[in-house]
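No value in this document is a laboratory result; all are computed from the given coordinates. What you see is a predicted model, and the numbers here were worked out from it, not measured in a lab. Cβ coordinates were reconstructed from backbone atoms using ideal geometry, including for glycine residues, and neighbour counts include every protein chain displayed.
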Amino acid sequence: MYSGATVFSQLMQQLPWWRFQTFVDRYQGDYKVKTFRCAEHFRVMAFAQLTYRESLRDIEACLRAMEPKLYHMGIHSTVSRNNLSNANENRDWRIYAEFAQVLIQQARELYVDDSTFPDLDATVYALDSSTIDLCMTLFPWAHFRRTKSAVKMHTLLNLCGNIPEYILITEANVHDVNVLDHIIPLPGAYYVMDRAYLDFERLHSLHSLKAYFVTRAKKNFQFQRRYSHPTDRATGIICDQTVMLTGFYPKQRYPEALRRIKYRDPEGRVLVFLTNDFSLPALTIAELYKARWQIELFFKWIKQHLRIKAFFGTSANAVKTQIWIAVCVYLLIAITKKRLKIEQSLYTILQILSVSVFEKMPLLQAFQDGECTMNESDFCNQLQLFD
């Protein structure tokens, strides 16, 4: 019989805790803290994410019911609503944000061969944002509209493994395009964005730094065609053109040529793409933009399966802390999947962990397929509704 560490403890062992302590010391997270240090705070919040806890009272009740096992889970202090509330309010959110960057680096190295475009020798990023609604009465600092508060999660997703490489949390009234001022472009990489990021001055900055972008044109896009490249309409490509901007301000902000591709998708929708890459086939450009949908799936995944819509605190620090720890949990699951060579999806892994965190078994054993078969004789006493 296995008598070692719990599943939760083994999962936490996947994390580089010495790096975590570096950030705790940098931001004095444990300064004058005698009990419930930052490492314990992280473990408790990660437990809440993994097991779908809904409130501080929920977390407290669940962990106190398992109090004999908490010490071996790395939680040496009493878990109370007061301790959790104070930690969420006072522990600097940058501790968890910088720790997430360490996990991002580890995940990126593990997923380096999982490219969506194996024939493309370049990194492909998808850039987008998602709004997280908040109650205006409880979160007045995140004012969005007259009767609504919200924060916005700007994310740069590496499509090689769907790893979020950059996240910026702002108030919801900050326009999406402003995040381009915070990103340091990687030369040779592709940045795929929707029309919200169509700012020619910022796009020209990407072009000047030898990065490529793929975005969509707006309906009032003004241009002058310089050259039309041959196309195969059977692939959905209607036209492939080299164009120059003609608007007074746009042509000053982007004085060089652009590539305009008009594409009809299998559903009959006509999409117009703009890019500064003239070497890739037009159909590949369309496929690059189609892959942008991965970031929409990422937002959907973390909103449905992690706790970033119901918050355990009302301050800006508490909200950012919870979001960043949720990102750390997502990355931890992705890292564990790759290190242990688990075949199941991230969703399945999370579901298994949610019901087995207190079990004492080897971590890999928890994900082994167990075929559950039902014999027809099990239902022999079932009455028939219809003859």
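Between the entries (i) 27.5; (ii) 20.5; (iii) 18.9, the label attached to mean projected area of the Cα convex hull in nm² calculated for this structure is (i). Qualifying trypsin sites (Lys or Arg not before Pro) in segment 87-192, where qualification requires a DSSP coil assignment and no more than 14 other C-beta atoms within 10 Å, comprise Arg146.
Residues whose amide H lies under 5 Å from that of Asp128, counting only those 5 or more places away or on a different chain, are Thr155, Leu157; hydrogens are built 1.01 Å from N in the peptide plane. For the cross-link pairs Lys69/Lys341; Lys34/Lys152; Lys300/Lys337; Lys210/Lys251, the ones whose C-alpha atoms lie over 24 Å apart are Lys69/Lys341; Lys34/Lys152.
Between Arg216 and Arg195, Leu274, the built amide H atoms are under 5 Å apart, and every one of these is 5 or more places off in sequence or on another chain. Close amide H partners of Glu359, meaning residues 5 or more places away or on another chain with modelled amide H under 5 Å apart, are Val7, Phe8.
The phi-based Karplus calculation (6.51 cos²θ - 1.76 cosθ + 1.60; θ = phi - 60°) puts the 3J(HN,Hα) values of segment 142-148 at 9, 4, 10, 10, 4, 10, 8 Hz, whole numbers, x for Gly and Pro. Long hydrophobic helices in the chain: the complete DSSP H runs spanning 27 Å or more by Cα along their own axis with mean Kyte-Doolittle hydropathy of at least -0.5 are 316-339.
Around the Cα centre of segment 196-281, unit charges on the Cβ atoms of Lys, Arg, Asp and Glu (plus for the first two, minus for the last two) sum to a dipole of about 240 debye. Largest GNM mean-square fluctuation across Tyr31, Tyr111, Tyr125, computed for the chain with C-alpha springs under 10 Å, falls on Tyr31. Neighbour counts of C-beta atoms inside 10 Å place Val329, Val79 in the sequence Val79, Val329, starting with the fewest.
Considering only Phe273, Gln224, Tyr212, and ranking their Cα positions along the charge dipole of segment 196-281 that arises from unit charges at the beta-carbon of Lys, Arg, Asp and Glu, the one farthest toward the positive end is Gln224. A simple count of charges around Ala46, restricted to other residues whose Cβ falls under 11 Å of its Cβ and scoring Lys, Arg +1 and Asp, Glu -1, yields +2.
Under the criterion of Cα pairs below 8 Å and six or more residues apart, the relative contact order for the chain equals 21 percent. Looking at segment 278-368, the trypsin sites (Lys or Arg not before Pro) that sit in a DSSP loop and have at most 15 other Cβ atoms within 10 Å of their own Cβ are Lys309, Lys341. For Lys148, the aspartates and glutamates whose Cα comes closer than 14 Å to its Cα, not counting residues fewer than 8 places off in the same chain, are Asp133, Glu171.
Find, among the GluC sites (Glu not before Pro) in segment 256-323, those assigned to loop by DSSP (not H, G, I, E, B) with at most 11 other beta-carbon atoms within 10 angstrom. Qualifying residues, ordered by number: Glu256, Glu267.
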